[in-house]
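K.L.:
First, the structure itself, so that you have it in front of you.
The values are calculated or read from the model by the stated rules, or taken from the named source; none is laboratory data. Just so it is clear, the model here is predicted, and its values are computed rather than measured. Neighbour counts run over all protein chains shown; Cβ positions are idealised from the backbone, glycine included. These accessible areas exclude ligands, DNA and RNA; they are computed on the full protein's heavy atoms, side chains included. Shrake-Rupley method; radii C 1.70, N 1.55, O 1.52, S 1.80 Å.
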Amino acid sequence: MSTREHALKLLRENVKNERTLAHCLASEAVLRALAQRFSGDGELWGLAGLLHDLDYEGEGQDPARHGDAGADMILAGGFDPKIARTVRMHNAEGLGLSRDLQLDHALCCGESVTGLIVAAALVHPDKKLASVKTKSVKKRMKAKDFARAVSRERIAECEKIGLPVDEFLEIALAAMQGIAEELGL
């Protein structure tokens, strides 16, 4: 079994909600694209995106535990400790920590932008990612009443890894469009 297959098995054992699973797959795609952009370890970055909400159904509503429990599960599953550390850091605010590594910031902005992009697709008549343009995602990002639960501040962390928002949105949208069928969009 490959590492990704092992990660998917662990994820599906712990996450039953299809929307959360799709969010994790979208986050994986975005993180893999960011790894490519920065010549990072695509497997490591992708698995961090895939597993970041591993504990969401159990701990997601408790900001003092979300990320910690997932990191523990990742370590118990025999995955690279860097993945566990990054998963913990995606909820740094809730855990009283601070993000400092490139991958920490990449996961924070990468998983956050997926909600904005999905919402942008859902307002199109066909509800398809193929219909979404980067320009419209940027416009919707500025609209505070659109996808209110999506943190624009977390998306803006892309600048902490040296990516202007426009380029980041372009990379993220293309990554999600690449797995649109798997996402059902």
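K.L.:
Criterion first (of a type in the set (A, V, I, L, M, F, W, C), in a helix (DSSP H, G or I) and open to solvent by 10 Å² or more (accessible area, probe 1.4 Å)) does L50 satisfy it?
P.N.:
Judged against the criteria, L50 is not a match.
K.L.:
Quick check on my filter: what residues within segment 132-185 are among the small types (G, A, S), under 26 Å from G40 (Cβ atoms) and surrounded by 13 or more Cβ atoms within 10 Å (Cβ to Cβ)?
P.N.:
Selection gives S151, A156, A172, A174, A175, G178, A180.
K.L.:
Within segment 26-40, is even one residue assigned to a helix (DSSP H, G or I), farther than 23 Å from C158 by Cβ, of a type in the set (G, A, S) and in contact (Cβ under 8 Å) with a residue 12 or more places away in the chain?
P.N.:
No, every residue in segment 26-40 fails to be assigned to a helix (DSSP H, G or I), farther than 23 Å from C158 by Cβ, of a type in the set (G, A, S) and in contact (Cβ under 8 Å) with a residue 12 or more places away in the chain.
K.L.:
Let me ask another. For segment 104-118, enumerate the residues that are open to solvent by less than 20 Å² (accessible area, probe 1.4 Å) and hydrophobic (A, V, I, L, M, F, W, C).
P.N.:
A106, L107, C108, C109, V113, L116, I117
K.L.:
Shifting gears a bit: Between D72, D62, D55, which is out of contact with any Leu (no Cβ under 9 Å at 6 or more places or on another chain) and crowded, with 24+ Cβ neighbours inside 10 Å?
P.N.:
None of the others qualify; the one that does is D55.
K.L.:
Give me the pairs, please: first residue somewhere in segment 157-171 and closer than 17 Å to I117 by Cα, second residue anywhere and modelled with pLDDT of 95 or more and polar (S, T, N, Q), beta-carbon distance under 9 Å, and either six or more positions apart or on two chains.
P.N.:
So the pair list comes out as E157/S112; D166/T134; L169/T134; E170/T134; I171/Q36.
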